[in-house]
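Working notes for the structure below.
The values are calculated or read from the model by the stated rules, or taken from the named source; none is laboratory data. Keep in mind the model is a prediction, meaning the values are calculated, not measured. Here Cβ is always computed from backbone atoms with ideal geometry, including for glycine, and neighbour counts include all displayed protein chains.
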Amino acid sequence: MWLWFAKLGSPRWFYELSSKWLPWLVVVTVALITVGLFWALLFVPEDYQQGHTIRIMYVHVPVASISLAAFPLMAVAGTITLVWKMKLADMVAKCTAPIGLWFTGVALATGAIWGEPIWGTWWAWDARLTSQLIQFFLFIGVIALRSAIDSQDAAAKACAILSIVGAINVPIIKYSVVWWNTLHQPASSYSMDPQSANPPEVWVPLVIMIIGVYCFFALILILRTRTEILQRERRSQWVMDIVAQENK
Amino acid sequence: MSGLQFSSLSEFLLMGQYTFHVWAVYFIFAVFLTANIVQPLRQRRLFIKEQQRRARRDANVE
């Protein structure tokens, strides 16, 4: 178990393993998102209340839910960095921040565009929207903190602590729709029950999009982490070999 | 699965009364996907180029 853990922490091992798995991940991601997009845009029936804006859900919900996974991931990686001083964990934490910022920003933007026709407003200081906006600034804070500290180790520790403390916001975002019943509606249930508000032709493509966007998140995180590994290990022989082999 | 929801291309492009809202969201999604693929690939290419330049320079010094 400990040997496996030590191996997992080895950047080189991660780099070589991810080289093997990356093509498969690309295939799965492209397939899921392509199917999901065609289904969402062409086949999902128009909603009786919100018409074609139902199609916005297939972008907004996957992106927004995965934006909530990014911060805990950064907090877990930060904890591993602090406790076990694992280098790979800090690389993952560093690469998660800009991706999380993108996801949070897109969730806010698509939410505003959806809110305008449905709620009659682009923005409201509703609990869900406000806590999501705080997450947006927290990601900016983590990125700025890292770039402000020259020492790599000190930056890793500071960002780990900020990520762990900032993660308190995640359950607030998640349960904001239950705790404060303001504007944003709670998550709808997925059910096979024909009496349910959401029939399968509405939620099946949504599940496909959620899994597809999750794969996309993993894909771009692995891509960024691989470059981060090369940068930090640039003086070791195996990286020099990769650099030498690459086309000029 | 329910059938195709549009009987013509123009109807599809129009999206009822929500032309702007639906397409703005899908446009943002397209930009988001593209940017997040291009950024890491570009970072990697820049790193490799920089290291290759460095290796050549070191070779010349020796």
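Here are a few things to note about the model shown:
- The number of residues in the range A:79-93 that are closer than 22 Å to A:Leu230 by Cβ, in contact (Cβ under 8 Å) with a residue 40 or more places away in the chain and assigned to a helix (DSSP H, G or I) comes to 8.
- Scanning the range B:4-44 for residues that are within 7 Å of chain A (Cβ to nearest Cβ) and small (Gly, Ala, Ser), we see that the one that is nearest to the chain's Cα centre (by Cα) is B:Ala24.
- Some residue of the range A:37-50 being assigned to a helix (DSSP H, G or I) and under 12 Å from the mean Cα position of the chain (by Cα): no
- The single condition among (1) more than 9 Å from chain A (Cβ to nearest Cβ); (2) under 30 Å from A:Thr96 (Cα atoms); (3) more than 24 Å from the chain's Cα centre (by Cα) that B:Asn60 does not meet is (2).
- Which numbered condition A:Arg55 fails, given (1) without any contact (Cβ under 8 Å) to a residue 40 or more places away in the chain; (2) surrounded by fewer than 20 Cβ atoms within 10 Å (Cβ to Cβ): (2)
- For the range B:1-33, filtering for residues that are part of a loop (DSSP other than H, G, I, E, B) and in contact with a Pro (Cβ under 7 Å, 6 or more places away or on another chain) leaves 3.
- A:Asp150, sole failed condition from (1) over 20 Å from the mean Cα position of the chain (by Cα); (2) modelled with pLDDT of 85 or more; (3) part of a helix (DSSP H, G or I): (3)
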